[in-house]
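The structure appears below as structure tokens.
The values are calculated or read from the model by the stated rules, or taken from the named source; none is laboratory data. Not measured: the values here are computed from a predicted model. Note that each Cβ is placed from the backbone with ideal geometry, even for glycine, and that neighbours are counted across all protein chains shown. Note: accessible area is taken over every heavy atom of the protein model, side chains too, but ligands, DNA and RNA are not part of it. Shrake-Rupley method; radii C 1.70, N 1.55, O 1.52, S 1.80 Å.
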Number of protein chains: 2
Amino acid sequence: MSIDRGLAGWLQLTLTPGLGAAAVRGLLTQFGLPENIFAAPRAQLERVAGPAAAGLSRSDETAEAVQKALRWAEAPGHAVVTLADAAYPRLLLEIADPPPLLYTVGRPELLARPSLAIVGSRNATAQGMRNAQQFAQAFSAAGLTIVSGLAMGIDAAAHAGGLAEEGSTIAVLGTGVDLTYPRHNAALAERIARAGLLLSEFPLGTPGAAHNFPRRNRLISGLAQGCLVVEAALASGSLITARTAAEQGREVFAIPGSIHSPLTKGCHALIKQGAKLVESAEDVLAELTAFRRTGFASTRTATSQPGADEPLLTHMGFDPVDVESLCARAGLSVERVSAELLRLELAGRVAALPGGMYQRLN
Amino acid sequence: MSIDRGLAGWLQLTLTPGLGAAAVRGLLTQFGLPENIFAAPRAQLERVAGPAAAGLSRSDETAEAVQKALRWAEAPGHAVVTLADAAYPRLLLEIADPPPLLYTVGRPELLARPSLAIVGSRNATAQGMRNAQQFAQAFSAAGLTIVSGLAMGIDAAAHAGGLAEEGSTIAVLGTGVDLTYPRHNAALAERIARAGLLLSEFPLGTPGAAHNFPRRNRLISGLAQGCLVVEAALASGSLITARTAAEQGREVFAIPGSIHSPLTKGCHALIKQGAKLVESAEDVLAELTAFRRTGFASTRTATSQPGADEPLLTHMGFDPVDVESLCARAGLSVERVSAELLRLELAGRVAALPGGMYQRLN
């Protein structure tokens, strides 16, 4: 049994047949990094992950899939982001079941941006599509990355709006990231692969399967600070995504419409349950005050990926400090420090105080 | 100076030139019924109502107006309801400035019914008018009396819907009740005078004046348990009525619509501020649980006007009691007792308990 360090270990762990996501999380929680898991006695592994842990010692069976994924990851624009990577989206760490790794095609730096999910019906009305596109474009211009699911209808319109401005867009797939589904959106997927980010937690080659879409939906909401529903019927996947967003502590927004249209009933149901009614992109931006306070513009340069020990935090101490003092202490530019502070604020590690001061929280 | 007892005193008091509504309320609060006011020394009256109280001792000037009003009140269908009358709407007593008297044409027994205000734009869309009419008709069928302002557009549609079913409708005027304004609605006003109720607090012959309409609007909301806004622009009288309703502790409901229509912006603003988004009449009825609990049907017979001492309350004591026992004690039919209980519940004097029991509150 030969286990590579680093990415190969993560791939091996997640590609082991029969070892589910919960078992993988259990093992990671118990033993830490994959190399520790593979070094642990089988009895200990089975105590945590049950009989499926036996698969971990039969690595030959998954070796081919691991090698294939490693080769895939070497291609330009391809990446595999693990829980241990600094590039792993902080907001996903907050959800109940963060995926151990993410396969991405495109610009992984978008994962560090403030973002908003936009979801809705596949069979949207022309006006619904126009709303999705226009709202997404306004958010993107304000620096928010648009997260959606690359479905027909509202999803596609939201991605297109995101691509039109600086914030760009992330498409979360329910298949392997090397398959784009549905085929109708192949051209859009190609644009996103170049100017945005395609993302999936599912192994390469995973075909479309109904039970994978709810899992996918939790990433759409989990990756974003809020979730906007544009048009949705009462029993629809969009509503499930919105409810997941609420469970994840995300702000839920919905666009109202005629009481006689079936595609507004989902939005109205959400508003009745406490979602914010929005008439304009400004309504949403006003709610996401954390972003407004630090300024969207600065987030456009937030592409740095500091190490796990967050050097800026060590320069902060636990007393309120202004940005200039931090720049002097850390020897970094205002631009860089502002971007870092935004990221740390989004991760709940620093708080912005009145008067432009910042305070470390943990 | 000769002051008639009863209605003439109320008319004299409210028709005295220069004596405003606040002064009249102050005098009534201080001295009780009008005859006590007219019997009080002028110095005492002026201490409460200021120099305008002088007008009270120059009764000859208003005698003609009083006589005219008394003659008017004798005509079939005409009535003047004073604060001291049992027919005076209980809900109006809850507002900050209940009018001392109400001039009515039609069926004053509608004042004892559970009711809902429906307001909206004069320049409503065809769909808005249809919504107002259909919602009003559904509420009316459920036993709610529709209260509105006899304006063009949503008001007219709401009245028409109310007239189509048992609950009927009350039109609150900003002019004297003997003038119907606008003329366009003269035919509707005639129907309401026969099958519903026209109501005004303003003296007979009072012409339309802009400053009277906000005062009128507080009665529209004050007479009703809730206020539904169907279509309204952002700066509109309907929104003022809705805000007054909220201040009066009434439930506010609004129908959403396209974010691109100016006539939904008022409704959306209300929903953002906490109004309930409604898609159907059932949404409203579900909120007005007090009515549902006791059943709308029973309210159709709630036409009795018991005296101020509420004989049924004396039969209740302060222990929970069921309807059958109350019927036996009071010697009244189940229908009559149920109607009375509903009225008392709406007035906040009894509470409905689980298991069909009722308890006196004060």
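Computed from point charges on the beta carbon alone (+1 for Lys and Arg, -1 for Asp and Glu), the dipole magnitude for segment B:154-283 about its Cα centre is near 440 Debye. Once the partner protein chains are put back, segment A:248-274 shows a loss of at least 50 square angstrom of accessible area, versus the chain by itself, at A:I259, A:H260, A:K272 (probe 1.4 Å, ligands and nucleic acids excluded). Using the Cβ-Cβ distance between A:Q134 and B:Q134 with R0 set to 41 Å, the FRET efficiency from 1/(1 + (r/R0)^6) comes to roughly 0.80. Interface A-B: total buried accessible area of about 1400 Å², 1.4 Å probe, protein heavy atoms only. Estimated at the nearest 10 Å², the accessible area of A:D60 is 130 Å² with a 1.4 Å probe. When you filter the trypsin sites (Lys or Arg not before Pro) in segment B:22-103 for DSSP loop state and at most 15 other Cβ atoms inside 10 Å of their Cβ, you are left with B:R58. For the protein assembly as shown, the share of DSSP beta bridges that are antiparallel, to the nearest 5, is 45%.
Label positions at B:L93 and A:A43, each projected 7 Å from the Cα along the C-beta direction, are separated by 8.2 nm. With the cut-off at 1.5 for a/c, could you classify segment A:113-265 from its C-alpha gyration tensor as rounded, prolate or oblate? Judged from the Cα gyration tensor, segment A:113-265 comes out rounded (a/c under 1.5). Over segment B:114-166, all Cα pairs binned in 5 Å intervals from 0 give whole-percent P(r) values of 5, 29, 34, 21, 9, 2, listed from short to long. The count of lysine pairs in the protein assembly as shown with alpha-carbon distances below 28 Å, taking only pairs 8 or more places apart or on different chains, stands at 11. With a Förster radius of 25 Å applied to the beta-carbon distance between B:A187 and B:A73, the computed FRET efficiency rounds to 0.50. Counting DSSP beta bridges with both partners in chain A, what percentage is antiparallel, nearest 5? Antiparallel: roughly 45 percent of the beta bridges in chain A. Taking label positions 7 Å along the Cα-Cβ direction at both A:V334 and B:A210, the computed distance is 5.0 nm, reported to one decimal. Placing unit charges on each Cβ (+1 for Lys and Arg, -1 for Asp and Glu) gives chain A a dipole about its Cα centre, and among A:G162, A:I259, A:A186 the Cα reaching farthest toward its positive end belongs to A:I259. Dividing the C-alpha radius of gyration of the protein assembly as shown by 2.2 N^0.38 Å, with N its residue count, gives 1.28. With both residues required to sit in segment A:84-236, DSSP beta bridges show an antiparallel share near 25%.
All alpha carbon pair distances within segment A:1-123 were sorted into 5 Å bins beginning at 0; the resulting P(r) in whole percents reads 2, 10, 19, 21, 18, 13, 8, 5, 2, 1, 0. Nonpolar atom fraction for segment A:9-68, defined as the carbon and sulfur part of the 1.4 Å probe accessible area, stands at 51 percent. In this Cβ point-charge picture (+1 for Lys and Arg, -1 for Asp and Glu), chain A has a dipole of about 600 debye about its Cα centre.
Between the alpha-carbon centers of segment A:95-150 and segment B:265-283, tell me the distance in whole angstrom. If you average the Cα positions of each part, the centres end up 28 Å apart. Placing pseudo-labels 7 Å out from each Cα toward the beta carbon at B:E109 and A:M152 gives an inter-label distance of 6.0 nm. The overall shape of chain B is oblate: from the C-alpha gyration tensor, with semi-axes ordered a ≥ b ≥ c, the ratio a/c is 1.5 or greater and a/b is no larger than b/c. Accessible surface of B:D319, taken over heavy atoms with a 1.4 Å probe and every protein chain present, rounds to 110 Å². Quick check on segment B:97-201: take the gyration tensor over C-alpha atoms, sort the square-rooted eigenvalues as a ≥ b ≥ c, and tell me if it's rounded (a/c under 1.5), prolate or oblate. It is oblate, given that a/c is not under 1.5 and a/b is not larger than b/c.
Mark the label point 7 Å from the Cα of B:A235 along Cα→Cβ and return the residues of segment B:247-268 whose backbone N is within less than 16 Å of it. What the label zone holds, given the 16 Å backbone N cut-off, is B:262-263, B:265-266.
When only the Cβ of Lys, Arg, Asp and Glu is charged (+1, +1, -1, -1), the dipole of segment B:24-179 relative to its Cα centre reaches about 240 debye.
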